[in-house]
Amino acid sequence: MRRAIGAASFLFAVSVVPAQADMAIADYLTIVKGEAAVRPDFAVVYLAGTLDGLEAANAAARARGRAYYCPPEERTPTVLDLKPALDRLLAEAVERQRDFERYARIVTVGTVSLTALARVFPCPEAAAEGSAGTGPGG
């Protein structure tokens, strides 16, 4: 039943929101504020999908030796990690950006989400990683 409700919400949102690979911050904020044709909790559903994509991208980057963010091995980031971190970054951007409205139309949820995850789960410094292999035989 829960899956059916989620699928119905997604299908409704897809029919209302223009097709695009990533959502602009302005659209995300409209949904979160309850000003869109979809319920505000759709933002959480959207973030779950964004997180899935970022996890795949991070795994590929990690395989190449340079992860974007580094959660502890025993846990995977969740929407409960992402949403508050994303919302904090957006609150900072409101203060920092000279033209926040323009910024919000151009910058995407995925981009800011990646930055948010990198802040919540920072990776060791590159210098520390590089020094690990400088010993004997390294």
(request) Sort 110-116, 29-35 for me by packing, meaning the mean count of neighbouring Cβ atoms within 10 Å per residue, highest on top. (result) 110-116, 29-35
(request) Within segment 65-108, list the trypsin sites (Lys or Arg not before Pro) lying in a DSSP loop whose Cβ has at most 11 other Cβ atoms in a 10 Å radius. (result) 66, 75, 98
(request) For residue 125 paired with residue 89, estimate the spin-label separation in nm (one decimal), with each label point 7 Å from Cα along the Cα-to-Cβ line. (result) 2.3 nm
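Where a number appears in this text, it was derived from the coordinates with a stated rule and is not lab data. Computed from a prediction, not measured in an experiment: that's the story for all the values here. Cβ atoms come from the backbone with ideal geometry, glycine included; neighbour counts cover every protein chain shown.
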